Amino acid sequence: MAKRTRSANQIQTVATTPLYEAGTLGEWLDYVMPDASDGDWVPMWPPDAFAIGAALLRRTGGYLDLVNGDDLRSSIPVLDADTVSTAGRTWRRDLNDVFATGHSGSKSAKKRKRIREVCPQQIRDAWLLLRGNGAVALADIRSHRDVTAAAITLCTVSDAACEGLGVGVEPQSSYQKDVHEVNGASPFLGFAERNASKEPNRFRSYCLHIPPAKLAVLGKRHTPQRGCSIRSLTHHLALYTPTEIQAVWPAAIQKTHEEIDVFNVLLLPWPVDIADVDFSVRVAVGHQRYFDYTPKPLAHPTALTRVKRAMAEAAKYVDRVHAVVLPELALDESEFAAIEKFVSRRRAMLVSGVRKAACSETCAMPANTCAIQPYGLSVHSDINPAPEAQDLDAHRRTQFKHHRWCLDRRQIMQYRLGGRLPASRDCWEYTYLGQREIHFVTLASWLTISTLICEDLARQEPVTEVVRAVGPNLIFALLMDGPQLKSRWSSRYASVLAEDPGCSVLSVTSLGMSKRSKPGDVKATDDKSNCIALWRDAVYGEQELYLEPEHDACVLSLVCKTKEEFTLTGHNLSRRAHFPVFAGYQSFRSHRAPAAKAVK
């Protein structure tokens, strides 16, 4: 096929054409992948082929006709399930062979030629059909059934080839007998992870040729079983169009020799007491006012000593603590640094809200962040059980809160802050809004987690698209809120994510803030301030987590429940999805009772 040529003016026009405003299919393809105008080019890398097909289907909505009756569905010449599965499995096997031969990181022309040679004929045919219809207006694509079918082929065959992407282990299903493995690992997945770590991806996309500024592809843990969207089409790959939110999914940290059967989470609802003086009006700007939350330093014993005692007490109820979770703004930076070192040495993960001090990087404003330290669950913790500061720095994931908390009159009264904050106006949290990110961390073959900070659970923009696309198995929602009851807002938003895409959600608040919450319509006898967490999963529903009187911590146990999930096309019917589900909890007192005074 002869190469297509374009004038300088055409190139400039295409280069500045927004992703969803191109007039024709050809212009759109040229924008997504300018080098693809070469007649010999094919989307030889599965995530690239998926990105092109999925983005086109989302742009045109052609995939909706798959569910609009047998007559319309039969007019779209999609591949049958067996063909899709066989093509994807063969592509995966051949890519494993390519990357298992010689230096897998080589960028030589010979290596690229081999990758191109193993591209399935179904992908080649679909690509040529799209290119052959380049003059068709995007607005008319849906009426071109063969173009829609070609885009679906790019999606489904690529998806079938990418099982396990983001999880870091070779699937133990259809590839088990014919995959070319090296020391039990997949050469294809190994190359995909190395490529994702490099510029310009930086763990934001698995694409090889398509820059993440245009389209990004990540792994996927859940296929929504309700609704009808492009997310319903595939099992293993997720598409999102990068905006102000950046999704970051580093290589899986799973220990290949250890699978987690029971995941035990130690919840420390700090601070256990919050004083009125911890809140103050910071500044007034026009009709808006801003407040500071500056808790007093922890009384002795130190935060680290308290964590040590809590870990020791938790050991009475579980064989091992896998994660230590604290709510929003629970620690300052120095406290987190001390605790993460201890927790990592105890082979556990640490997740906490962190108060970041004002600095030049935050425009001299304090920052509300969450930090994830997974080092203790990684294979590195076995090799080096006493990590140095640089080891912890390399593994720590930090993200800023996306939305400020606004205290209105009702909440100021509810939290009994009327003497510190004026109830006549809304008071906004005085915090720096930094680069908006969401981090995904894979801990086991069945468990990928992410975190949201309070308001970010309730506000749909801008993070929801990414969360729903990936469908992490477990979301930690770190709050500074009242009791975590089934009737409150956190339950409503957790239910939305449990239904679509199927995430399990744990919301946890501080005991101190929960005790301050006194809604005017609640009687003293109905006090439920010791309900510091709420669990919600898509299998068994909700569970409120209460602390017994005088208790200040609890340990939550989770297990994996597998269920079958289906795609819109019906491909890969045997795909199993993993749901962390509630398996019990135990509250306890982590601090020692004060010594009794001697009676004179």
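Taken together, the values in this text are just the output of simple stated rules run on the coordinates, not laboratory data. The structure presented is a predicted model; accordingly, all values stated were derived computationally and were not measured. Cβ: placed from backbone, ideal geometry, glycine included. Neighbour counts: every protein chain shown.
Tell me the net charge near Arg226. Cut-off is 9 Å between Cβ atoms, Arg226 excluded, with +1 for each Lys or Arg and -1 for each Asp or Glu.
-2
Any idea how far apart Val559 and Glu199 come out in nm if each label point goes 7 Å out from Cα toward Cβ?
5.0
To the nearest 0.05, how large is the calculated FRET efficiency for Asp292 and Ser360 if R₀ is 30 Å and r is the Cβ-Cβ distance?
0.95
Full-extension gain between Trp41 and Glu388, please, as 0.36 nm times their residue separation minus the C-alpha to C-alpha distance.
Contour length minus the Cα-Cα distance gives 120.3 nm.
Please give the peptides 421-430, 552-561, 152-161 ranked by average Cβ packing (other Cβ atoms within 10 Å per residue), highest first, as a rough proxy for protection.
152-161, 552-561, 421-430
Between Ser424 and Ala312, what is 0.36 nm times their sequence separation minus the Cα-Cα distance? Round to one decimal in nm.
Between Ser424 and Ala312, full extension yields 35.6 nm more.
Against the longest principal axis of the chain, how steep is helix 187-197, in degrees 0 to 90 to the nearest 10, with axes from Cα atoms?
With both axes taken from Cα atoms, the answer is about 60 degrees.
Among the trypsin sites (Lys or Arg not before Pro) within the stretch 285-317, which fall in a DSSP loop and have no more than 10 other Cβ atoms within 10 Å of their own Cβ?
Of the trypsin sites (Lys or Arg not before Pro), the ones in loops of the stretch 285-317 whose Cβ has at most 10 other Cβ atoms within 10 Å are Lys316.
Can you sort Phe50, Phe588 from fewest to most other Cβ atoms within 10 Å of each residue's own Cβ?
In order of increasing Cβ crowding within 10 Å: Phe588, Phe50.
Would you indicate which of [x] 67, 64, 51; [y] 101, 57, 49; [z] 80, 65, 40 is the value of Cα extents along the principal axes in Å derived from the coordinates of this structure?
Checking each listed value against the structure points to [y].
Beta carbons within 10 angstrom, averaged per residue: use that to sort the peptides 125-132, 369-376, highest first.
369-376, 125-132
How high is the FRET efficiency from Asp140 to Thr241, r the C-beta distance, R0 25 Å, rounded to 0.05?
Working from the Cβ atoms, E equals 0.70.
So if R0 is 41 Å, what FRET efficiency would Arg320 and Val67 give, r being the distance between their Cβ atoms, rounded to the nearest 0.05?
FRET efficiency, Arg320 to Val67: 0.35.
Give, as a single signed number, the net charge of other residues whose beta carbon lies under 15 Å from the beta carbon of Val283, with Lys and Arg counted +1 and Asp and Glu -1.
+2
Beyond 18 Å between alpha-carbons counts as too far, so tell me which of Lys316/Lys528; Lys308/Lys341; Lys356/Lys401 fall in that bin.
Lys316/Lys528
Rounded to the nearest 500, what is the chain's calculated 222 nm mean residue ellipticity when only DSSP H runs of at least 4 contribute -39500 (n - 2.57) each, over all residues?
Result for the chain, helices only: -8500 deg cm²/dmol.
For Asp408 and Val283, calculate 0.36 nm times their separation in residues minus their Cα-Cα distance, and state this gained length in nm to one decimal.
Length gained, Asp408 through Val283: 43.4 nm.
If you fit an axis through the alpha-carbon atoms of helix 333-345 and take the longest principal axis of the Cα set of the chain, what angle between them do you get, 0 to 90°, nearest 10?
70
If you fit an axis through the alpha-carbon atoms of helix 489-499 and take the longest principal axis of the Cα set of the chain, what angle between them do you get, 0 to 90°, nearest 10?
The answer is roughly 30 degrees.
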